[in-house]
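The values are calculated or read from the model by the stated rules, or taken from the named source; none is laboratory data. Bear in mind the structure is a predicted one, so any value in this text is a computation, not a measurement. Virtual Cβ from ideal backbone geometry, glycine too; neighbours counted across all protein chains shown.
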Amino acid sequence: MKVVHINTYDQGGAAIAAIRLHKGLLAEGVDSHFYTLHKTRNDIPNHHKHNSTLNTLPDTSLTFSNYLKAKLSTSYKVYFKENEYRKKLYREAKKHNLEMISFPNTPYLVHKDEILQEADIVHLHWVSDFIDYPSFFRKIKQPIFWTFHDENPYKGIFHYSADEKTAHAVSECLKEIDKKAQEIKKEAIRQNCINMTIVSPSKWLGEAAVESSFYERAHINQIPYGIDTSTFRQIPQKEARSVLGLPQTKKIFLFVGQSVDNYRKGFDLLLDAIEGLDLTDIMLCAAGSASADSKNNKINYLGSFNDERLLALAYNAADLFILPSREDNLPNTMLESLCCGTPVICFPTGGMEEEIESGENGIVAKSVNGISLKECILVFLANQNIYNREAIAAQSSHKFVLKKQAEKYHKLYDKSVESGKLLV
């Protein structure tokens, strides 16, 4: 069985989750491949980059003659005009502090790539601005699996509800293009919905997909992300702090995000929470990229960890992992922290509140704001000794071990191939 995973990037949270599943399936003996539009890494086995076949090119041979034909063609001019319009929309989204927008129409003829044509299973992940919905879902005949990593598969141009609500309230042009994008997606998916299995890592995302008009008749499988528990495991805290050069005597609170400046990730709410807090015996650490303007002198910035072993050390060095995301699916960072035995504070949103049980493996705040977050921090400081790090690590490692996730997907693949169609 040949499975091809499609993800726009080979970096970022969704890519990390998809790559882990890909490696887990390889360990299970599945002929798994990872296919991306952008390739920045050379450490992913069976990694293929899209061959850049475009709707605008007359054929795939890169000759000067064909280049001129493309430049002079009507389709290229239409594409150029569309691209300029999208740049305008990107600027409009940025003006209103929206995280991102993406579009269902792209110039990439993904279905023409040989690696896709040879696949027995086509597995979609985060595919925004990569697959062209109308051509892809019309042309792909193999069973399609789709792991949702955010809300974009059942929205138009937005990836989370907050951005959608904000844009609809402040921008008529974004609201209009969003509705058009929804119509394009619905029509494309309708053509191939019988051939599709959807998997959600969290109950929240799965229920939201069912409630949408996109997948109201679909059966949503729930399979949590898998974690490499040989890397993300509990090690002595003193040892972790020694390697990272962190103090042994202070309580360490940790924030991890690809970008500290991402509004949805809520780092600003963490800064609100520590206002007026006695930090004499506390060190607040942040891992991830941060602009100079966003840096706060109360935070110890660790930079970005490109090595997962160092990231695992950071979780083990911390007494508490703070996850102040306003919206999220099932963050890899939360599962990584739990597998290292470090309790988590989070807000009552998305898949986070499904996995955190106050007093057992962390604390769920009452509301999404800095005041509630501060209350949780104070509760933790008063009751830190009730958290059994060994028990947290053991329970989480058993639940989120990569092998278990890969086995569940493997069984679904087998069922779809044997029946000749997907269970929907």
Among the residues of segment 214-222, are any buried (at least 21 other Cβ atoms within 10 Å of the Cβ), at pLDDT 95 or above, within 22 Å of the chain's Cα centre (by Cα) and hydroxyl-bearing (Ser, Thr, Tyr)? no
Could you check how many residues of segment 261-283 are buried (at least 19 other Cβ atoms within 10 Å of the Cβ), out of contact with any helix residue (DSSP H, G or I) (no Cβ under 8 Å at 6 or more places or on another chain) and not in a helix (DSSP H, G or I)? 2
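Among the residues in segment 230-240, are any of a type in the set (Phe, Trp, Tyr), more than 30 Å from residue 85 (Cα to Cα) and in the same structural domain as residue 370 (by TED's automatic domain parsing)?
Pass one, segment 230-240, residues of a type in the set (Phe, Trp, Tyr): 232.
Then keep just the ones that are more than 30 Å from residue 85 (Cα to Cα); that gives 232.
Now drop any that are not in the same structural domain as residue 370 (by TED's automatic domain parsing), which leaves none.
No: zero hits.
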Selection from segment 93-114 of residues closer than 28 Å to residue 418 by Cβ and surrounded by 18 or more Cβ atoms within 10 Å (Cβ to Cβ) yields 110, 111, 113
Under 6 Å between Cβ atoms, which residue pairs at least 6 apart in sequence (or on different chains) link something in segment 181-199 that is surrounded by fewer than 21 Cβ atoms within 10 Å (Cβ to Cβ) with a partner that is of a type in the set (Lys, Arg)? 191/138
Taking segment 354-377 and keeping residues touching a residue at least 24 places away in the same chain (Cβ under 8 Å) and assigned to a helix (DSSP H, G or I) leaves 354, 355, 370, 371, 372, 373, 374, 376, 377
Can you confirm whether residue 321 is of a type in the set (Phe, Trp, Tyr), in a helix (DSSP H, G or I) and not assigned by TED's automatic domain parsing to the domain that holds residue 19? no
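Restricted to segment 293-352, and to residues that are among the hydroxyl-bearing types (Ser, Thr, Tyr) and under 21 Å from the mean Cα position of the chain (by Cα), which residue is modelled with the lowest pLDDT? Quick ask: steps written out before the conclusion?
Quick first cut of segment 293-352, residues among the hydroxyl-bearing types (Ser, Thr, Tyr) only: 294, 301, 304, 315, 325, 333, 337, 342, 349.
Those still in the list that are under 21 Å from the mean Cα position of the chain (by Cα) too: 304, 315, 325, 333, 337, 349.
Values: 304: 89, 315: 98, 325: 97, 333: 97, 337: 98, 349: 94.
The residue in question is 304.
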